[in-house]
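Heads up: the structure comes next, in structure tokens.
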Amino acid sequence: MRYWNSHRGLLSFTAILVMILSLAIMGCSDDGGGGDDNTVNINAEEFGLTQQNAAALAGQVFTFPATLFGGLAGQTATLTFGPAGTTFILVIADGAPINGTITYASCTLTQDEEQGEFEATFTTCDCIVDAQDVPVGGCTDGEIQLSLGRQGEDLVDSETVENSICVANNGDVTIGDSTIPIGKVDTGATGGTGD
């Protein structure tokens, strides 16, 4: 009996010590923000495309319903951004590629003159970025879409494209390997959301 009582006291002491250490560890890891644990959520943030930020989409390929560009229902069209974001390649269904330039403010796609007379103008031309727990000063996997629309018509979003989303210490958001920011988010609070 004496043996059991001494071990029971030791077990009680060990259990109390484990509880104290557990509480201490939880207190240390829950510092309330900042430090290396600073992350940002970008919840389907819409960044309007301009002459200055369009290069952030260089090389990106977006898939839309072909009807947006004059194609037939049930077909798709792919829109690829050129190196500076001011040129494009558009393929409607299985047709020949349409090459041209993009001008911003109205987001107008104009075919090169020697190829033909295709032109499409959109009053809304936004890049939608969605990524959770992006480390400030780092990157994580996320998704982007291109949203195009005309006055008085519904917006049309491209299919989702998976890519790396990065947030710099100053809040600049970049996509993939691009060093050109698509826009900015608030990095002031852990787990904060985009502006």
Fill in the blank from the handout: Scanning region 24-53 for residues that are closer than 18 Å to T187 by Cβ, among the acidic types (D, E) and not in a strand (DSSP E or B), the one modelled with the lowest pLDDT turns out to be D31
Handout entry: Check on A56, outside any strand (DSSP E or B), on the phi < 0 side of the Ramachandran plot, at pLDDT 95 or above and not aromatic (F, W, Y)
Key = yes
Exercise for the section: Only residues that are surrounded by fewer than 20 Cβ atoms within 10 Å (Cβ to Cβ) and modelled with pLDDT of 90 or more: list them for region 179-190, please. Expected result: T179, I180, K184, D186
Practice task
Might you check whether a residue that is over 13 Å from the mean Cα position of the chain (by Cα), buried (at least 16 other Cβ atoms within 10 Å of the Cβ), modelled with pLDDT under 95 and among the polar types (S, T, N, Q) occurs anywhere in region 136-156?
Solution key: no
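Listed here are the residues, each with its yes/no results for (1) in contact (Cβ under 8 Å) with a residue 60 or more places away in the chain; (2) not aliphatic (A, V, I, L, M).
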residue	(1), (2)
A44	yes, no
G70	no, yes
A73	no, no
E113	no, yes
Problem - Of all residues making up region 83-94, the number that are in contact (Cβ under 8 Å) with a residue 24 or more places away in the chain and in a loop (DSSP other than H, G, I, E, B) - result: 5
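Scan region 68-78 and give yes if some residue there is closer than 30 Å to G188 by Cα and within 22 Å of the chain's Cα centre (by Cα), otherwise no.
Residues of region 68-78 closer than 30 Å to G188 by Cα: none.
Scanning region 68-78, I find no residue that is closer than 30 Å to G188 by Cα and within 22 Å of the chain's Cα centre (by Cα), so the answer is no.
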Exercise for the section: Select from region 132-178 the residues that are touching a Gly at 6+ places or on another chain (Cβ under 7 Å) and among the polar types (S, T, N, Q) and write down the one among them that is farthest from T121 (Cα to Cα). Expected result: N169
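The values are calculated or read from the model by the stated rules, or taken from the named source; none is laboratory data. Remember, it's a predicted structure, so these values are computed and weren't measured experimentally. No Cβ is skipped: glycine too gets one built from the backbone with ideal geometry, and neighbour counts run over all protein chains shown.
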